[in-house]
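Peer 1: Can you read through this structure? Questions will come right after.
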Amino acid sequence: MAFDLPALPYAKDALEPHISANTLDFHHGKHHNTYVVNLNKLVEGTDLENASLDDIIMKTHGDASKVGIFNNAAQVWNHSFYWSSMSPNGGGAPTGAIAAKIDEDFGSYDAFVEGFKAAGATQFGSGWAWLVLENGKLKIEKTGNAHLPMTKGQTAILTMDVWEHAYYLDVQNRRPDYIATFIEKLINWEFANENLASA
């Protein structure tokens, strides 16, 4: 069962001026696609060939002999989740159940913003900032490289990619600018509400 590159949930230029079509062209069309191609090659002819993406991630996590499979599988998952974490009309304060849950678990939306910005800005090198649900409580996490919440028993609610290829063509090395724009203009709170509801 070969994996395919999933289509973006919006047009390539839909996130402009915040994230350019040029960035999405490279990030989705090249980076994400390479992870898909590599994963298919790595699992072909193995006992993981017909496994689901989640199963591959869980079965290879922590296995030094399968680190290549894990990295590519996790990056396929992370990127698919990241595209849906953004919306052309996103950003700003949340609404619905996620808004109430953020107030309950962080004290305020502003406290969430502060924590999420810090997670993205202090992730050294490549990685991800996450809003996750663990034991019924929202938490902010950061992971390096391909690592992701599911291997820790957490449910991902939202993610922000802080690998340089997510923002470099648009804002060069100004990661904090990208993070601020992501929060103010791009977060898909509808997606967060769906993930919270199904957790």
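Peer 1: Need pairs with beta-carbon distance below 9 Å; first residue on the phi > 0 side of the Ramachandran plot and within region 42-65, second assigned to a helix (DSSP H, G or I) and β-branched (Val, Ile, Thr); sequence gap 6+ or separate chains.
Peer 2: What qualifies is GLY62/THR151.
Peer 1: Here's another thing I want to ask about it. Is region 31-38 home to any residue that is under 21 Å from PHE182 (Cα atoms) and surrounded by fewer than 17 Cβ atoms within 10 Å (Cβ to Cβ)?
Peer 2: Within region 31-38, one or more residues are under 21 Å from PHE182 (Cα atoms) and surrounded by fewer than 17 Cβ atoms within 10 Å (Cβ to Cβ).
Peer 1: When you look at ASN78, is it of a type outside the set (Val, Ile, Thr), within 11 Å of the chain's Cα centre (by Cα) and not assigned by TED's automatic domain parsing to the domain that holds TRP189, yes or no?
Peer 2: Taking the combined requirement at face value, the residue satisfies it.
Peer 1: Additional query: For region 110-139, which positions are in contact (Cβ under 8 Å) with a residue 60 or more places away in the chain, more than 14 Å from ILE98 (Cβ to Cβ) and over 16 Å from the mean Cα position of the chain (by Cα)?
Peer 2: Correct list: empty.
Peer 1: Then there's this: Suppose we filter region 68-98 for residues that are free of Cβ contacts under 8 Å to residues at least 40 places away in the same chain and either on the phi > 0 side of the Ramachandran plot or surrounded by fewer than 19 Cβ atoms within 10 Å (Cβ to Cβ) (or both); how many remain?
Peer 2: Matching residues across region 68-98 total 3.
Peer 1: Scan region 12-24 and tell me whether some residue there is touching a residue at least 12 places away in the same chain (Cβ under 8 Å) and touching a Ser or Thr at 6+ places or on another chain (Cβ under 7 Å).
Peer 2: Taking every residue of region 12-24 in turn, at least one turns out to be touching a residue at least 12 places away in the same chain (Cβ under 8 Å) and touching a Ser or Thr at 6+ places or on another chain (Cβ under 7 Å).
Peer 1: Go through region 132-154 and give me each residue that's surrounded by 14 or more Cβ atoms within 10 Å (Cβ to Cβ), assigned to a strand (DSSP E or B) and not charged (D, E, K, R).
Peer 2: Residues satisfying the conditions are VAL132, LEU133, LEU138, ILE140, THR143.
Peer 1: Please indicate, with yes or no, whether at least one residue in region 50-60 is of a type in the set (Val, Ile, Thr), surrounded by 16 or more Cβ atoms within 10 Å (Cβ to Cβ) and within 28 Å of GLY91 (Cβ to Cβ).
Peer 2: Looking only at region 50-60, we keep the residues that are of a type in the set (Val, Ile, Thr), and these are 56-57, 60.
Cutting the leftovers down to surrounded by 16 or more Cβ atoms within 10 Å (Cβ to Cβ) gives us 56-57, 60.
Cutting the leftovers down to within 28 Å of GLY91 (Cβ to Cβ) gives us none.
No, region 50-60 contains no residue that is of a type in the set (Val, Ile, Thr), surrounded by 16 or more Cβ atoms within 10 Å (Cβ to Cβ) and within 28 Å of GLY91 (Cβ to Cβ).
Peer 1: Mind counting the residues in region 132-142 that are of a type in the set (S, T, N, Q) and either within 14 Å of TYR82 (Cα to Cα) or in contact with a Leu (Cβ under 6 Å, 6 or more places away or on another chain) (or both)?
Peer 2: Residues flagged as of a type in the set (S, T, N, Q) and either within 14 Å of TYR82 (Cα to Cα) or in contact with a Leu (Cβ under 6 Å, 6 or more places away or on another chain) (or both) within region 132-142 amount to 0.
Peer 1: Would it be correct to say that ASP170 is part of a helix (DSSP H, G or I) and within 22 Å of PRO94 (Cα to Cα)?
Peer 2: Here the answer is no, as ASP170 does not meet what is asked.
The values are calculated or read from the model by the stated rules, or taken from the named source; none is laboratory data. As the structure is a prediction and not an experimental result, all values here were calculated from the model. All Cβ positions, even for glycine, are placed from backbone atoms using ideal geometry, and neighbour counts span all protein chains on display.
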